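Presented below is the structure to which this report refers.
Readers should treat all values here as calculations from the given coordinates under stated rules, not as data from a laboratory. What you see is a predicted model; the values in this text were computed from it and never measured. Cβ placement follows ideal geometry from the backbone for every residue including glycine, while neighbour counts extend to all protein chains displayed.
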Amino acid sequence: MNRFVITTLLLCCSNVFMTFAWYGHLRNLSRKPFIVAALVSWGIALFEYLLQVPANRVGHEVMSIGELKILQEVITLSVFVPFSILYMKEKLSMDYLWAGLCLLGAVFFLFRGRILGA
């Protein structure tokens, strides 16, 4: 399988764990003491790192650090928006659209050499 595809899949999976580690406690553990929420979040984050570190190692073989970072941010927003709407029951706003368009612009400028064949 292509290293770019492997990197993207691993980053998608790691982002699911990251999003739950960072924000899931707000719904599930809001009435628990901070230390409980922190320990649960750290436990979830362990799985994120077990996927994210190999993703960055594989990805760095075919992408620059900047390209990896922008890819990560696009994936983060792609995971976060459904999470916030479906799991956290937040309302979708136009700000998500504008943020997404800004990230697409970042993707274009960083990957334009690959996209346009230059």
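Here the range 53-118 and the range 1-41 have alpha carbon centers that stand 16 Å from each other.
Would you mind putting 37-44, 17-24, 75-82 in packing order, based on average other-beta-carbon counts within 10 Å, highest first? Spell out each step's value before the answer.
On the way: 37-44: 14.5, 17-24: 19.4, 75-82: 17.0.
Ranked by mean Cβ neighbours within 10 Å, highest first: 17-24, 75-82, 37-44.
Each Lys or Arg adds one and each Asp or Glu subtracts one; over the other residues with Cβ under 11 Å from the Cβ of Cys102, this totals -2.
For the chain, the 222 nm mean residue ellipticity estimated from helices alone, with every DSSP H stretch of n ≥ 4 adding -39500 (n - 2.57) and the total spread over all residues, rounds to -25000 deg cm²/dmol. Extending 7 Å from the Cα toward the beta-carbon at both Leu97 and Lys69 defines two label points whose distance is 2.9 nm.
Using Cα pairs under 8 angstrom and six or more residues apart, how large is the relative contact order of the range 3-116, in percent?
Working: 91 pairs, mean separation 36.8, N = 114.
For the range 3-116, the relative contact order is 32 percent.
Between the entries (1) 21, 16, 14; (2) 19, 17, 15; (3) 29, 19, 9, the label attached to semi-axes √(5λ) of the Cα gyration tensor in Å calculated for this structure is (3).
Pick from Val74, Val16, Val62 the residue whose mean-square fluctuation is largest in a GNM of the chain, springs joining Cα atoms under 10 Å. Highest fluctuation of the listed residues: Val62.
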